[in-house]
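Please read the structure below before turning to the comments.
The values are calculated or read from the model by the stated rules, or taken from the named source; none is laboratory data. Note that the coordinates shown come from a computational prediction; the quantities given were computed from them, not determined experimentally. Every residue, glycine among them, receives a Cβ derived from its backbone with ideal geometry; neighbour counts consider all protein chains shown.
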Amino acid sequence: MSLRTTLFLVIALVAASCSRHHEQVADKPANYDVVLLPTPEFPLTEARKVATTVANDTGLHVLTALPLGTRDWKPYPDRPQYDPEELKTLALPVIERLKTNYGGKVYVILTSRDIGPSDKSLNFVFTQHFLAQKISVVSAAQMLFDQQGHQAPLNIIENRLRKMLLRTIALQYYELQGSSDIRDVTYSPLMSVSDLDQMGLTLKLK
């Protein structure tokens, strides 16, 4: 067999292998339970780190996607806050595309921007859940500081984010109701950073 023929066969085999791989990805989506979708300003390394943590906490398959394009997500005209529902709407077509290859029962959009309701009924929210679509927007903006407005230590911020993701999984994936027990991760009402710090990590499935 000539060298040219051998090279041709090798190239053909590699091409066939790649073709089969792409077909498998398209035909058999990965079975992730939860997909984290960070916005560009949210550190991707932190998103991946907390994904690993909550995966270990819950035993669920958690994927961190690459950052979501947010060029069209603008703040409210009268204040430096953002509408979480608008972000969800922008993310919907992206989420539908991701579901094709990665599945995902619940999608969590992570942002460092401050979010609040359009009607100003609350000064801020940590998260906004869209239960029918199994999509949640989680903001770390208020988690970055202590009660006096000083920068919080990184380990405190990471623990707060971990709690909020576990809470989101409890409400969205397991469809649990809120609890009046501050030790439970579904404690409600969650009104302040102080509440978040006191809230436990207990996730009761029954």
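Values as computed for the structure displayed
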item: Hits in segment 150-190 (condition: surrounded by 14 or more Cβ atoms within 10 Å (Cβ to Cβ) and basic (Lys, Arg)); result: 160, 162, 163, 167
item: Looking only at segment 118-149, and only at residues there that are among the aromatic types (Phe, Trp, Tyr) and over 14 Å from residue 190 (Cβ atoms), the one that is surrounded by the fewest Cβ atoms within 10 Å (Cβ to Cβ); result: 145
item: Residue pairs meeting the criteria (Cβ under 7 Å; at least 6 apart or on separate chains; first on the phi > 0 side of the Ramachandran plot, in segment 97-122; second in a helix (DSSP H, G or I) and of a type outside the set (D, E, K, R)); result: 104/98
item: Only one of 82, 107 that is buried (at least 16 other Cβ atoms within 10 Å of the Cβ), touching a helix residue (DSSP H, G or I) at 6+ places or on another chain (Cβ under 7 Å) and either under 11 Å from residue 135 (Cα atoms) or aromatic (Phe, Trp, Tyr) (or both); result: 107
item: Test for residue 8: is it at pLDDT below 95, among the aromatic types (Phe, Trp, Tyr) and either more than 17 Å from residue 169 (Cα to Cα) or touching a strand residue (DSSP E or B) at 6+ places or on another chain (Cβ under 8 Å) (or both); result: yes
item: Count of segment 27-49 residues which are over 24 Å from residue 83 (Cβ atoms) and hydrophobic (A, V, I, L, M, F, W, C); result: 1
